[in-house]
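The values are calculated or read from the model by the stated rules, or taken from the named source; none is laboratory data. Keep in mind that what you see is a predicted model, and the values were worked out from it rather than measured. Note: ideal-geometry Cβ built from the backbone for every residue, glycine included; neighbour counts use all protein chains shown.
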Amino acid sequence: MSILLTGGAGYIGSHTAVELLQLNKDVIILDNFSNSSPLVLDRIKEITGKSFKFYELDLLDKKNLEKVFIDNNVDSIIHFAGYKAVGESVDKPLDYYTNNIISTLNLLELMKKYNIKNFVFSSSATVYGNPDKCPINENSPLRATNPYGQTKLMIENILKDISKSDASLNIAILRYFNPVGAHKSGLIGEDPNGIPNNLLPYISQVAVGNLDKLKVFGDDYNTHDGTGVRDYIHVVDLAKGHIKSLDKLNTKCGLVIYNLGTGNGYSVLEMVDAFREASKREISYEIVKRRQGDIAICYADCTKANRELDWQAEYGIKDMCIDSWNWQVNNPKGYK
Ligand code: NAD
Ligand code: UD1
């Protein structure tokens, strides 16, 4: 019985593959490398000493995708694959709707045809839009503010509908907060294309000398130091959350939804300080105007995942920054 990881060469997928292989699970990785490097596969093998099947394949290519299900005894799917850049989704909405939605429909149709019951979906805190209050629990109102967020919300709705139509399906919708950090080995980590949009990759590249200075997007928010507050979660904690979710699906739970975060919020300036401490490098920054679409504060109520999955994030921001830095300093150009 195999676990299929779509997008398994990506940032979160590769870390999850490592955790699964270390538990001797039978893993199949599928990726088209649209946002990742083939080198990741060697790095996963180097960390774990384990082998796994790999398919270089686009999920939009349904004909070849079907071969994966014909050739293997897939038991569970973790669906990481998708485009994820908010700004790009505003410029190229059709690319986002096509890639994220059609890919998922292809997978779900094959899942039905091959009688696969367990499905884990990478959703995002973005489905809460600008939340009315924090911490955010799973029952908070859902709203999307950009095409990327729309695709997450649409897929969540599709999953809710198919779950209603077939009680034998077990589906976990995981709403990630802000994944950061890297594997302790420094062999795998986040490798954004071009100039990073997200805070930690940007800070890391300033620290390593690839970028000049961080632009802090606004210091006039209603937060303790005026800068935006987020719930950063170590990617290895997140990966472990997937394993606990698979355990949950094996109890035949139907559809479940969990926030995966730490429950703690840190400001941009707190992250800059923590990263300076971890890297022992100066992080130059300037305050600029707010980034359009940003919210002031976002952090999770994770009590449901703590209770029902017996899962809790273990790493704090010190480890997140140390591990991000270890990855960045050992791979200053990422996988390139
Ligand atoms: P990533 O871009 O590193 O990984 C996604 C992988 O999917 C890439 O390797 C890419 O090549 C692959 N892919 C994309 N479209 C594909 C297709 N049509 N066929 C085959 N492979 C395809 O992203 P990530 O950070 O690992 O995120 C994984 C998932 O988690 C995504 O769905 C993302 O939206 C979601 N998510 C990420 C974050 C975050 O901040 N990283 C936060 C919330 C949710
Ligand atoms: C972004 C996405 C969100 C996604 C989340 C996790 C946007 C608008 N939103 O949100 O959909 O779910 O990532 O992947 O892109 N910051 C700076 N300077 C920078 C970069 C960021 O000051 O160069 C600030 C931001 O204003 C924010 C914080 O750092 O306050 C975190 O930003 P980021 O890492 O982009 O994550 P989110 O804004 O939470």
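A few comments on the model shown:
- Residue identified as away from ligand 2 (no atom under 12 Å from the Cβ) and either more than 30 Å from Asn170 (Cβ to Cβ) or of a type outside the set (Lys, Arg) (or both) among Tyr285, Tyr299, Tyr258: Tyr258
- From Lys152, Lys184, residue being modelled with pLDDT of 95 or more and surrounded by fewer than 17 Cβ atoms within 10 Å (Cβ to Cβ): Lys184
- Of all residues in region 208-225, those that are within 11 Å of ligand 2 (Cβ to nearest atom), in contact (Cβ under 8 Å) with a residue 40 or more places away in the chain and not charged (D, E, K, R) total 6.
- Every residue from region 98-153 that is among the β-branched types (Val, Ile, Thr) and either over 25 Å from Cys253 (Cα atoms) or in a helix (DSSP H, G or I) (or both): Thr98, Ile101, Ile102, Thr104, Thr126, Val127, Thr145, Thr151
- Residue check: Asp95 meets all listed conditions (1) within 11 Å of ligand 1 (Cβ to nearest atom); (2) buried (at least 17 other Cβ atoms within 10 Å of the Cβ) but one, namely (2).
Table: residues versus (1) acidic (Asp, Glu); (2) more than 16 Å from ligand 2 (Cβ to nearest atom); (3) within 18 Å of Gly82 (Cα to Cα); (4) in contact with a Ser or Thr (Cβ under 6 Å, 6 or more places away or on another chain).
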{"position": "Asn130", "(1), (2), (3), (4)": "no, no, no, no"}
{"position": "Leu142", "(1), (2), (3), (4)": "no, no, no, no"}
{"position": "Tyr148", "(1), (2), (3), (4)": "no, no, yes, yes"}
{"position": "Thr151", "(1), (2), (3), (4)": "no, no, yes, no"}
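- Summed over region 154-170, residues that are of a type outside the set (Gly, Ala, Ser) and not in a helix (DSSP H, G or I) total 3.
- Helices (runs of 4 or more DSSP H) completely within region 233-325 that count 3 or more residues being at pLDDT 95 or above, under 28 Å from Gln22 (Cβ atoms) and in contact with a Leu (Cβ under 9 Å, 6 or more places away or on another chain): 235-249
- Selected residue (criterion: farthest from ligand 1 (Cβ to nearest atom)) from residues of region 210-226 that are polar (S, T, N, Q) and within 26 Å of the chain's Cα centre (by Cα): Thr223
- Flag if Val127 is within 12 Å of ligand 1 (Cβ to nearest atom) and in contact with a Leu (Cβ under 8 Å, 6 or more places away or on another chain): yes
- Restricting region 46-77 to residues that are outside any loop (DSSP other than H, G, I, E, B) and exposed (fewer than 15 other Cβ atoms within 10 Å of the Cβ), the residue that is nearest to ligand 1 (Cβ to nearest atom): Glu56
- Residues within region 171-186 that are assigned to a loop (DSSP other than H, G, I, E, B) and within 15 Å of the chain's Cα centre (by Cα), tallied: 4
- Each residue in region 313-335 was checked for being surrounded by fewer than 23 Cβ atoms within 10 Å (Cβ to Cβ) and out of contact with any Asp or Glu (no Cβ under 8 Å at 6 or more places or on another chain), and 8 of them qualify.
- In region 7-35, the residues that are within 16 Å of ligand 2 (Cβ to nearest atom) and over 21 Å from Lys244 (Cβ atoms): Asn35
- Filtered residues of region 251-266 (kept if more than 16 Å from ligand 1 (Cβ to nearest atom) and surrounded by fewer than 21 Cβ atoms within 10 Å (Cβ to Cβ)): Thr251, Lys252, Cys253, Gly254, Leu255, Gly263, Asn264
- Any hit, region 100-117, residues being within 16 Å of ligand 2 (Cβ to nearest atom) and buried (at least 20 other Cβ atoms within 10 Å of the Cβ): yes
- Taking each residue of region 76-104 that is of a type in the set (Asp, Glu) and looking for partners that are within 11 Å of ligand 1 (Cβ to nearest atom) with beta-carbon atoms closer than 9 Å, six or more apart or interchain, yields Glu88/Asp95; Glu88/Tyr96; Glu88/Tyr148; Glu88/Asn197; Asp95/Tyr83; Asp95/Ser89.
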